[in-house]
Amino acid sequence: MSALQQLRMSHGLSLEQLANRLNIEPVTLSEFENGILPSVAELMIIAEYFCVTTDFLLGLKFTFGQLTYDQQELISTYDSLDNFSKGLAIENIRILAEKKRQSDKSKSNKIITVADKVIFVNFS
């Protein structure tokens, strides 16, 4: 079973449902699940949706020598969970990542606002 198929099934999605969410043709996803590689752009869309690396989707494995201690611990802990708990863990990580993205976006907007005020003050 491919990494994409495992991810899709663990999220309770049919091929058609996932295709609609990603705006990718169902046949493309089916082909990828059966070993035919999608375009780089499609691969990146899928990876971003599931919060995984493109390497993971392609079946490439990291060696622990490339990972930090925290990353190793996270993987070891995740591997010890049952499938239901793995799904919950992934969903919680996605929620945390989205909160981080929103926070970063908010900080970026504040910096732009401050810069606009400085420019306004300098040109008054």
Report, in debye and to the nearest 20, how large the dipole of the range 1-61 comes out about its Cα centre when Lys and Arg carry +1 and Asp and Glu carry -1 on their Cβ. 180
For an R0 of 35 angstrom, estimate the FRET efficiency from the Cβ-Cβ distance between Gln72 and Ser10 and round to the nearest 0.05. 0.95
Distance between modelled label sites at Ile93 and Val27, nm, 7 Å Cα→Cβ extension: 3.4
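At 0.36 nm per residue, and after removing the present C-alpha to C-alpha distance, how many nm does the segment from Asn34 to Asn20 gain when stretched out fully?
Numbers: separation 14, 0.36 × 14 = 5.04 nm, distance 1.91 nm.
Answer, rounded to one decimal: 3.1 nm.
Since every read-out is calculated from the coordinates, none of them should be taken as a lab result. Here the structure is a predicted model, which is why all the values come from computation and not from measurement. Cβ atoms come from the backbone with ideal geometry, glycine included; neighbour counts cover every protein chain shown.
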